[in-house]
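Written out below as structure tokens is the structure these notes cover.
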Amino acid sequence: MPDLSNRIAHRVDRRALVHSTRTALAAVVSLVVARGLGLPEAYWATITTLIIMQSTLGAALEVSEQRLAGTALGAALAALLATYFGSNMTVFGLGVFAIGLICVALRLGQAYLLASVTLAIVMLIPHTRPPWIVAAHRFVEVSLGIAVGLALTALWPEAEPVATPAPSGPHSE
């Protein structure tokens with residue numbers, strides 16, 4: 001039986017430890033701040049922070065811009081549509097279609113995916129609050145996650161990108 005502890009120790013170097021520490025710290029800070037603000041779905045801030053932390057500062061800025069634009073667009077359209085039409089499947093489909101056209105017209109690129117996800121979260125998941133409040137919370141939660149991720153990425157930059165471990169299988173080491 002091969003000695004797995006040697007293989008694992010070889011893969012866990014200082015860079016991986018630093019990256020894991022930065023990411024964990026950012027995730028916890030994001031969660032603490034979101035909960036401190038009383039946001040009902042604080043996990044969205046944390047999820048956003050986790051996504052942002054996987055990039056260098058330059059890449060994180062681009063991802064963050066797209067996330068923010070998409071979330072704002074999706075939240076605004078979802079609040080409007082859900083207020084007047086509820087969780088209507090046809091209206092939801094038309095909303096996703098409209099978001100696609102708006103993103104192309106405004107050259108928002110990846111924002112289309114994020115706007116559509118926000119639209120789905122606000123329109124399709126049952127909530128006890130009015131849609132505009134749910135949409136506003138979603139925007140604030142994502143914005144908070146972006147802010148924490150960018151702040152920590154700027155204050156504690158990654159030395160080099162962390163390579164993800166190669167999948168183990170019959171063709172690996």
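The values are calculated or read from the model by the stated rules, or taken from the named source; none is laboratory data. What you are looking at is a predicted structure, and each value in this text was computed from that prediction instead of being measured. SASA here: full protein model, heavy atoms, side chains in, ligands and nucleic acids out. Shrake-Rupley method; radii C 1.70, N 1.55, O 1.52, S 1.80 Å.
Before moving on, here are some points about what is shown:
- Carbon + sulfur, % of accessible area of the chain - ligands and nucleic acids excluded, 1.4 Å: 69
- Calculated Rg and Dmax of the Cα atoms in Å (choose from (1) 19.3, 64; (2) 17.2, 61; (3) 16.3, 57), label: (1)
- Estimated Rh, segment 66-132: Kirkwood, alpha-carbon pairs, angstrom: 11.4
- Taking all protein chains into account, the per residue accessible area for the chain stands at 60 Å² (1.4 Å probe).
- Computed over protein heavy atoms with a 1.4 angstrom probe, the accessible surface ordering of 101, 73, largest first, is 101, 73.
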